[in-house]
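The values are calculated or read from the model by the stated rules, or taken from the named source; none is laboratory data. Please read these numbers as outputs of a predicted model, since none were measured by experiment. Every residue, glycine as well, gets a Cβ built from its backbone with ideal geometry; the counts of neighbours run over all protein chains shown.
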Amino acid sequence: MGTYSTSVAIKSNSSYNNAGDIMKETEQKIIDVIEKIRPFLISDGGDIEYVKFENGIVYVKMMGHCSNCPMLDVTLKESIEMAITSEVPEVIEVQNIIDESI
């Protein structure tokens, strides 16, 4: 009897795992930046909560005094968005959500 050698190609899910890992790393970077910002917002009676990151957009929920502040848009774009996009290049925009179903 002869010796037979067979090789089987096994598809790896590593590309899927890597994409998931990259997404988790990106989210952690975003959360780290938000945690740096929070003390400033809290000192003014507000707060910020990370909701999700999807298609380059970070969704946050502004709370406390920030939620109804007339300067919310300025704070969101010129402070929070600038801080996050400068440290996390994957982020293109930051949006405040009001509706909990998002």
inquiry  = Pull out all pairs, ordered by first then second residue, where Cβ-Cβ is under 7 Å, the residues are six or more apart or on different chains, the first lies in segment 13-29 and is surrounded by 11 or more Cβ atoms within 10 Å (Cβ to Cβ), and the second is at pLDDT 85 or above.
reply    = Thr26/Phe53; Thr26/Val88; Thr26/Glu90; Glu27/Phe53; Lys29/Glu87; Lys29/Val88
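Out of segment 50-82, which residues are charged (D, E, K, R), in contact with a strand residue (DSSP E or B) (Cβ under 6 Å, 6 or more places away or on another chain) and surrounded by fewer than 18 Cβ atoms within 10 Å (Cβ to Cβ)?
We begin by selecting, within segment 50-82, every residue charged (D, E, K, R); these are 52, 54, 61, 73, 77-78, 81.
Now restrict to residues that are in contact with a strand residue (DSSP E or B) (Cβ under 6 Å, 6 or more places away or on another chain): 52, 61, 81.
Residues satisfying the conditions are Lys52, Lys61.
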query = For segment 43-88, which residues satisfy the criterion of being assigned to a loop (DSSP other than H, G, I, E, B), without any contact (Cβ under 8 Å) to a residue 24 or more places away in the chain and small (Gly, Ala, Ser)?
reply = Gly45
note = Exactly one of Val33, Val91 is out of contact with any Gly (no Cβ under 6 Å at 6 or more places or on another chain), modelled with pLDDT of 95 or more and in a loop (DSSP other than H, G, I, E, B), and that one is Val91
